[in-house]
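Please read the structure below before turning to the comments.
The values are calculated or read from the model by the stated rules, or taken from the named source; none is laboratory data. All figures in this text were calculated on a predicted structure; none of them were measured in a lab. As a convention, Cβ positions derive from the backbone with ideal geometry for all residues, glycine included, and neighbour counts pool all protein chains shown.
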């Protein structure tokens, strides 16, 4: 019997949304369910992922989960929901995730959105 390949989770190193998902997976003891690839903005891995996603008609977004069948799933909330559903996780029982979400993540998300807006105006 062959083991099913783990999905690959692509995380941008400086992304607060990617960190949120990694915190969730670690705290929920699900980190061993995926293979992590962490990349820097604009590096070869990032460029290759963007090309793969665009070739499939997807808007590149991270974190991105590449499933065993080669499909991409994105969206931090959607990915957390996927894992909570698959593994019957009650996020209300977690402590670090809500701490991050109600503290540092709030400010990081604001800065992320402000930066995106400024880049669009430039």
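Only one of these is over 15 Å from the mean Cα position of the chain (by Cα) and surrounded by fewer than 10 Cβ atoms within 10 Å (Cβ to Cβ): 94, 111, 118. Name it.
Values: 94 fails: surrounded by fewer than 10 Cβ atoms within 10 Å (Cβ to Cβ); 111 fails: surrounded by fewer than 10 Cβ atoms within 10 Å (Cβ to Cβ).
Among 94, 111, 118, only 118 is over 15 Å from the mean Cα position of the chain (by Cα) and surrounded by fewer than 10 Cβ atoms within 10 Å (Cβ to Cβ).
In the range 8-54, how many residues are surrounded by 17 or more Cβ atoms within 10 Å (Cβ to Cβ), in contact with a strand residue (DSSP E or B) (Cβ under 6 Å, 6 or more places away or on another chain) and in a loop (DSSP other than H, G, I, E, B)?
Number of matching residues: 1.
May I ask you to list the residues in the range 71-91 that are over 15 Å from the mean Cα position of the chain (by Cα), assigned to a helix (DSSP H, G or I) and touching a residue at least 40 places away in the same chain (Cβ under 8 Å)? Steps first, answer last, please.
Just the residues of the range 71-91 that are over 15 Å from the mean Cα position of the chain (by Cα), to begin with: 85-91.
Pick out the ones that are also assigned to a helix (DSSP H, G or I) and you get 85-87, 91.
Selection gives 87, 91.
Please enumerate the residues belonging to the range 1-32 that are over 21 Å from residue 105 (Cα atoms) and at pLDDT below 95.
Of everything in the range 1-32, those that are over 21 Å from residue 105 (Cα atoms) and at pLDDT below 95 turn out to be 1, 2, 3, 4, 5, 6.
Residue under question is residue 89, and the condition is that it be in contact with a helix residue (DSSP H, G or I) (Cβ under 6 Å, 6 or more places away or on another chain) and closer than 22 Å to residue 4 by Cα; does it hold? Steps first, please.
Details: in contact with a helix residue (DSSP H, G or I) (Cβ under 6 Å, 6 or more places away or on another chain): no; closer than 22 Å to residue 4 by Cα: yes.
Criteria not met by residue 89.
Which pairs turn up if I take residues in the range 7-26 that are at positive phi and look for partners that are modelled with pLDDT of 95 or more and in a helix (DSSP H, G or I) with beta carbon separation below 6 Å, at least 6 apart in sequence or on another chain?
none
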